[in-house]
1. Which one of these does Arg47 not meet: (1) without any contact (Cβ under 8 Å) to a residue 24 or more places away in the chain; (2) touching a helix residue (DSSP H, G or I) at 6+ places or on another chain (Cβ under 9 Å); (3) within 29 Å of Asp106 (Cβ to Cβ)?
2. Counting only residues that are among the charged types (D, E, K, R), within 12 Å of the chain's Cα centre (by Cα) and farther than 13 Å from Asp35 by Cβ, how many does the range 73-99 have?
3. With (1) among the hydrophobic types (A, V, I, L, M, F, W, C); (2) at pLDDT below 90; (3) open to solvent by less than 50 Å² (accessible area, probe 1.4 Å) as the list, and Ala124 as the residue in question, which single condition is left unmet?
4. Looking at Val102, Val50, Val71, which one is open to solvent by 60 Å² or more (accessible area, probe 1.4 Å), under 28 Å from Pro7 (Cβ atoms), among the β-branched types (Val, Ile, Thr) and modelled with pLDDT of 90 or more?
5. For the range 74-99: of the residues being in contact with a Leu (Cβ under 8 Å, 6 or more places away or on another chain) and modelled with pLDDT under 95, which is nearest to Ala22 (Cα to Cα)?
6. When you go through Thr2, Thr30 one by one, which is the residue that is of a type in the set (S, T, N, Q) and in a loop (DSSP other than H, G, I, E, B)?
7. If we scan the range 28-39, do we find a residue that is more than 30 Å from Pro137 (Cβ to Cβ) and open to solvent by 30 Å² or more (accessible area, probe 1.4 Å)?
8. Going by the structure shown, is Ala41 farther than 16 Å from Ala103 by Cα and hydrophobic (A, V, I, L, M, F, W, C)?
Amino acid sequence: MTASPPPTTAEELRGAGLRVTAARVALLETVRAGDHLGVEALASGVRNRVGHISLQAVYEALHALTAAGLVRRIEPAGHPARYEGRVGDNHHHIVCRSCGAVADVDCAVGDAPCLTASDDRGFAIDEAEVVYWGMCPDCSTGRSS
């Protein structure tokens, strides 16, 4: 028995109810290939793949991809928004106070324990956002990135 191949980016877009365009395909692939990239870096990556695209078109496509659950937007306090392709799980982030580097951090123990609040105040919690702050290895040892 052979496993079916993973869906193409275009198939994922269609499956999420989005129109398939070269820019959206390039953007989703750039987000997934990147590491918590900002809008400018994503726009540059898309331009490298498909040519000219306006920054406004990138923002609009990111909004659509985020609303469809294909991309996750994170915005650590005091930093511009970043985007990642890791969706569908409840992971967190660690941010360097010096250079702003962002990395994924899985929940500390068990199966998404952070979704059990000490007092949910009647809310049906489906996601928790935890941001750890500190110094990345390069900044804490004085190396430049």
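The values are calculated or read from the model by the stated rules, or taken from the named source; none is laboratory data. No experiment lies behind these values; they were computed from the predicted model shown. Here the Cβ is made from the backbone with ideal geometry for all residues, glycine too, and neighbour counts use every protein chain on show. The protein model used for the area step is the full one, side chains on, heavy atoms only, and it has no ligands, DNA or RNA in it. Shrake-Rupley method; radii C 1.70, N 1.55, O 1.52, S 1.80 Å.
1. (3)
2. In the first step, residues of the range 73-99 are kept if they are among the charged types (D, E, K, R); the result is 73, 75, 82, 84, 86, 89, 97.
So of that shortlist, the ones also within 12 Å of the chain's Cα centre (by Cα) come out as 73, 75, 82, 84, 86, 89.
Narrowing the set further to residues that are farther than 13 Å from Asp35 by Cβ leaves 73, 75, 89.
Summing the residues that are among the charged types (D, E, K, R), within 12 Å of the chain's Cα centre (by Cα) and farther than 13 Å from Asp35 by Cβ in the range 73-99 gives 3.
3. Only one criterion in (1) among the hydrophobic types (A, V, I, L, M, F, W, C); (2) at pLDDT below 90; (3) open to solvent by less than 50 Å² (accessible area, probe 1.4 Å) is unmet by Ala124, namely (3).
4. Values: Val102 fails: open to solvent by 60 Å² or more (accessible area, probe 1.4 Å); Val71 fails: open to solvent by 60 Å² or more (accessible area, probe 1.4 Å).
After applying the criteria, what remains is Val50.
5. Step by step, filter the range 74-99, then rank; the result is Val87.
6. Result: Thr2 is the single residue among Thr2, Thr30 that is of a type in the set (S, T, N, Q) and in a loop (DSSP other than H, G, I, E, B).
7. No, the range 28-39 contains no residue that is more than 30 Å from Pro137 (Cβ to Cβ) and open to solvent by 30 Å² or more (accessible area, probe 1.4 Å).
8. yes
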